[in-house]
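Input: a single structure, listed below in structure tokens.
A short reminder: the numbers here are calculations on the coordinates, not readings from a lab. Worth saying up front: this structure is predicted, and the values here are computed from it rather than measured. All Cβ positions, glycine included, derive from the backbone under ideal geometry; neighbour counts span all protein chains shown.
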Amino acid sequence: MSAPARLDAALRFPASRTIAAGLRPETGDSPRAGAGNSLRLWREAVDIRQEWLGHALCTDPADRLTAERALARIYARIGRPVPRFRWVDSPHAALPYLDGLPTIDDLYQVIRRPGSVSPPLASDLAMAASGLRGALSASVDRGDPELAPARPPKSKNPWPMLPPRDALAAGTPLNVVLHRSVHGALQRSIATGFRQPIHAALAPGRRLPVCWYGQHDVPWIGYYDMLRRVGLARYQPGPLDQFADWVDLARSCGWWWPGERVCVLTERPETLRTEPIPGAWHDEVRLRPGGVAYRDGWHPLLH
């Protein structure tokens, strides 16, 4: 089957692709949700977190066909035709192709003055992604701390910050411990430890167009995947199928900038060297000085 034919088949039969990706709709009550073995579930969650950390730090060449298929479906869901895909070797190499794409300030302008301008594609995409995360969150057993901060009964303060085993022993709810151990840990390792410094090195003092991060979107993707796999979330088929596309992107490519006609995608880094963050409770890592290099020779953070 040719690549265009495979892409057309993927668009017309999303459910079969969801199953192939290992994401199946949940039916009935989860046998794991009421098991009460919090420590065992936490250990499983840590294994899944480390799996997703591996995807975030992967240096294999991008799986371009998988990424393009996923983006074609994401575009279709917001009523846009399949764009032309332009691949580059690094975020720095993407800069010449980003003129005219909206910044975060442009998206806020759409929110502040609805109807004054036509929403750009990035605005519709951000709304769709936000809606997906809300749907996933609403399907989490015992409540989702990502949706609203969890606090002890009759208290305005959050649950105390403790190492995971100590937190469970002290009565901190499992959902709070898992949120901190997975979402929080991946956020510190990937968003704070990688995305932010690379973004700052990419265009110092300049507002860049809105982008998404592929493999570096794993904090929220890995978190909701973990909840499903340990049996603490039962996602409906529609949101689950949408989620599968974001899972595919996180497993297949680097950063990407969506435009109406062209979507710019980057390869994954060629080299990534990290080190443990001293004193961390959740195996967080950070880039070593000069620890990242891309296939076109771009070496941000050389010092």
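Taking every DSSP beta bridge that has both ends in the chain, the antiparallel portion is near 60%. Does the range 247-303 come out rounded, prolate or oblate by the C-alpha gyration tensor, with a ≥ b ≥ c the root eigenvalues, rounded set by a/c under 1.5 and, if not, prolate when a/b is larger than b/c and oblate if not? It comes out oblate by the Cα gyration axes. Largest GNM mean-square fluctuation across A185, A122, A203, computed for the chain with C-alpha springs under 10 Å, falls on A203. For the range 176-234, averaging the sequence separation of C-alpha pairs within contact (under 8 Å, six or more residues apart) and dividing by the residue count gives a relative contact order of 52 percent.
Legend: calculated FRET efficiency, K154 to D47, from the Cβ-Cβ distance at R0 = 41 Å, rounded to 0.05, equals 0.70.
For H92, H179, the sequence from fewest to most other C-beta atoms within 10 Å is H92, H179.
Which one is right for this structure if percent of Cα pairs over 24 Å apart is calculated from it: (1) 56; (2) 60; (3) 53? Answer by label: (1).
Amide H to amide H, with H built 1.01 Å from N, Y235 comes under 5 Å of E26, counting only residues 5 or more places away or on other chains.
Of the trypsin sites (Lys or Arg not before Pro) found in the range 175-266, those that fall in a DSSP loop while having at most 14 other beta-carbon atoms within 10 Å are R206, R207, R261. Of W257, W281, W52, the residue with the greatest mean-square motion in the GNM of the chain, using alpha carbon springs below 10 Å, is W281. Summary value for the chain: 32 percent relative contact order, contacts being C-alpha pairs under 8 angstrom separated by 6+ residues. Considering the range 194-245 at the alpha-carbon level, its Rg and Dmax are found to be 15.3, 44 Å. Annotation: amide H of R286 within the under-5 Å range of E275, I277, sequence separation 5 or more or interchain, hydrogens built in the peptide plane. Counted by neighbouring Cβ atoms within 10 Å, the residues V110, V264 run from fewest to most as V110, V264. The relative contact order of the range 231-303 comes to 19 percent, based on Cα pairs under 8 Å that sit 6 or more residues apart. Only alpha carbons enter this Debye calculation for the range 50-206, each as an equal point scatterer, and the log10 of I(q)/I(0) it gives at q = 0.08 Å⁻¹ is -0.36.
Anisotropy class assigned to the range 123-242 is oblate, per the alpha carbon gyration tensor with a/c at or over the 1.5 cut-off and a/b no larger than b/c.
Rounded, prolate or oblate: which fits the range 170-303, taking a ≥ b ≥ c as square roots of the Cα gyration tensor eigenvalues, rounded meaning a/c under 1.5, else prolate when a/b beats b/c? Verdict is oblate for the range 170-303.
For a label point 7 angstrom out from the Cα of Q109 toward its Cβ, which stretches of the range 173-212 have the backbone nitrogen within less than 19 Å? Only 206-211 fall inside the zone, counting backbone N under 19 Å. Loop-resident GluC sites (Glu not before Pro) (DSSP state other than H, G, I, E or B) in the range 222-303 with no more than 16 further Cβ atoms inside 10 Å of their Cβ: E260. Scaled to the globular estimate 2.2 N^0.38 Å, the Cα spread of the range 114-179, given as radius of gyration, is 1.59.
Distance from the alpha carbon centroid of the range 248-290 to that of the range 103-179 works out to 22 angstrom.
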